[in-house]
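Just below is one structure, and these are the notes that go with it.
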Amino acid sequence: MRWRGVPLDVLLAVSGVALALLTTAHAGETNYLPAELNIPMALLAGLPMGLVRRWPVPVTLYLAVLLVVTDQLGSLTSNSAQILVCVALGVAGFRSGWRATVVAVAATIGATAVNIADPGIALTANAWMYAVLLPVFPAVLGAYLRSSAGRLEERDVTPDALLAAAGVAITVLSTWTSWHSGTQPVWVVGLLAVVGGLALGIARRFPGLVFLLQGVLLLSADTYLNDAVNTCVILTLIAVGVFAMRVASWPWTVAAYFAGCLLTAIAVVGDDTDITPFRVGVLMTLVATPIAIGRYLGVRQSAVAADRLRAEEAARAALAQVRADQLAERERIARDVHDIVAHHVGAMVLRAGAARYTAPDGPVADALNDIRETGHQVLQDLRDLLDLLREGIRPDSEPHLLANPADVVRESAERMAAAGLVVDLDLDPATDQAPLIALTSAARIVQEGLTNVLKHAGPGTRVRISVVPAGEGLSVEIRNGRPPTSIERLPSSGRGLAGMRERVRALGGTLTAGPDGEGGWLLAASLPARVPSRSAV
């Protein structure tokens, strides 16, 4: 997988060498370098571009040094190095941190200043401004593209890479023979050609900006380099087509059409051109063609996106229906469980109440009273649970108890103490500030934990309960000592501990249970303040 981008790196290296060879095609020998060294110098300038995606800052620093060296040697390879170092800076701004990018920009500013200055002539303020802005612009553009990458809807960059490659191929191959014929330095013309081609790589993301840039380049070529006008017209028409594809607004599309017609007319109509209706129609049709293609592709993309959205909505609706069916089934099961349990618990309460009136005062009467009150509590809890299921409980909803959760914890401790356990309760008052869902879960864990101690350790066992804040949530700890005597264990389904784990896991917390190493048992739970969202679970 690490070699997946090797073909692209090879293509970048070959493109860099090709550009260097094109810019030195008219070069002869200099005072320091014979003509035979132009090809090795082109290799030194272009081959490092194969590493620019992996190490953009080192490649930028290397090209900056090469720029200074070739400038001092009088080699035309300095034109290639000046163009390539700006490309490398754009990659550095996109892929590297700001500290490393600043170092690369500073080095390039110094190298560009050396390249601009003529021997024996001091740099002027305008020259310094040019030397600063030229490296800063591609670095800022790369950093901007990196910051906006997370907001892009389309992650596939293959069309962008193809547009950029095609743009550079069109501009370089069709204009490189005329770079020496203008009044501007060769590297300036070459850099504008490369930038104009590369700009198509971001046309899908920033169609208006690229269209404006191509218009400026077209007007500049019409003024300073007539041989490149036709190439700039082609790039402008491509930018118009991409604009029509990406911008769905018809008013903006019409505005882009007339702007394209105006730019094309400025470029192709000269002082001696005979303007006829036929030629005007041809020009308007020429500009309308890429717009029609762009609008067609835009409509196709919108249709595909709409189909995908409908499919996602249908999947969500199907999932919601499945969940609704599951909730309905849970409610039916809960109703059946309520009816069965309520019948038997109600009979138990009635028998305990009847036995209370015939039993004398004393421990037996107290036990019967406790059975009756516990039975009433169980019936009320069952009714509350059934009400919650009927209302449609959600994962992020806050369950409620019949009373304050802290009171439920105290009542559970008192009831188990009356049943024979030696209970030591440590309930921090600060727990009242915890979220209700954490408090409710802590109360249920205490209830179940104490029930397990009574079942498995028996009366007379010492139990310490601790419910204290932990961060924004709660920490619950139930520790019981060694059973005082061997007891006959009560029947157990083994579902209590599993239920507690499921409850805690649903809240995003943790629960551990096991021997404490001293003959007793330790149950510890950590309850967070917030329930994790369904997507995070």
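The values are calculated or read from the model by the stated rules, or taken from the named source; none is laboratory data. Bear in mind that the values here come from a model prediction, so they are computed numbers and not experimental data. All Cβ positions, glycine included, derive from the backbone under ideal geometry; neighbour counts span all protein chains shown. Protein only, heavy atoms only, side chains kept; ligands, DNA and RNA dropped before computing areas. Shrake-Rupley method; radii C 1.70, N 1.55, O 1.52, S 1.80 Å.
Some values worked out for this structure:
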| item | result |
| --- | --- |
| Estimated FRET transfer efficiency (Arg53, Leu73; beta-carbon r; R0 35 Å; 0.05) | 0.75 |
| Surface per residue (accessible, 1.4 Å probe) for region 208-341, Å² | 62 Å² |
| ³J(HN,Hα), Karplus 6.51/-1.76/1.60, whole Hz, each residue of region 163-169, x for Gly, Pro | 4, 5, 4, 5, x, 5, 4 |
| Asp407 - accessible surface, heavy atoms, 1.4 Å probe, Å² rounded to 10 | 80 Å² |
| Difference of contour (0.36 nm per residue) and Cα-Cα distance, Arg501 to Ile293 | 68.9 nm |
| Sequence of Leu12, Leu47 from largest to smallest accessible area, 1.4 Å probe | Leu47, Leu12 |
| ³J(HN,Hα) computed for each position of region 409-425 - Karplus, 6.51 cos²θ - 1.76 cosθ + 1.60, integer Hz, glycine/proline x | 4, 5, 5, 5, 5, 5, 5, 6, 5, 5, 7, x, 6, 9, 9, 10, 9 |
| Region 42-120, accessible surface, carbon-and-sulfur percent (1.4 angstrom probe) | 72 percent |
| Calculated FRET value between Asp516 and Glu411, using beta carbons and R₀ = 35 Å, to 0.05 | 0.85 |
| Difference of contour (0.36 nm per residue) and Cα-Cα distance, Ala248 to Asp307 | 19.5 nm |
| Glu36, Glu331, reordered so the largest accessible area comes first (probe 1.4 Å) | Glu36, Glu331 |
| From phi via Karplus (6.51, -1.76, 1.60), per-residue ³J(HN,Hα) for region 454-471 in Hz, x at Gly/Pro | 5, 5, 9, 10, x, x, x, 6, 8, 10, 10, 10, 10, 10, 9, x, 9, x |
| Stretchable slack from Leu379 to Ala169, in nm (0.36 nm times residue separation minus alpha-carbon distance) | 67.5 nm |
| Carbon and sulfur %, accessible surface of region 233-322 computed with the full protein complex present, 1.4 Å | 72 percent |
| Which of Val87, Val337 is most accessible, then next, and so on - probe 1.4 Å | Val337, Val87 |
| Two-site label geometry, Trp128 and Glu472: point separation in nm, points 7 Å out along Cα→Cβ | 5.2 nm |
| Region 164-290 shape via C-alpha gyration tensor axes, a/c threshold 1.5 | oblate |
| Sequence ranges 247-255, 55-63, ranked by mean other-Cβ count within 10 angstrom, highest first | 55-63, 247-255 |
| For q = 0.28 Å⁻¹, Debye-computed log10 I/I(0) when each Cα of region 415-456 counts as one equal scatterer | -1.01 |
| Inter-probe distance in nm under a simple model that places probes 7 Å from Cα toward Cβ, at Asp160 and Val14 | 2.3 nm |
| Exposure of Phe206 as accessible area (Å², to 10), given a probe of 1.4 Å and all protein chains | 40 Å² |
| Fraction of accessible area attributable to carbon and sulfur, region 167-208 (%, probe 1.4 Å) | 72 percent |
| Sequence-distant residues sharing a close amide H with Ala419 (under 5 Å, placed H) | none |
| Computed FRET value (nearest 0.05) for Ala355 with His456, which takes r as the C-beta separation and R₀ as 35 Å | 0.80 |
| Convex hull of Cα atoms in region 162-207, direction-averaged projection (nm²) | 3.2 nm² |
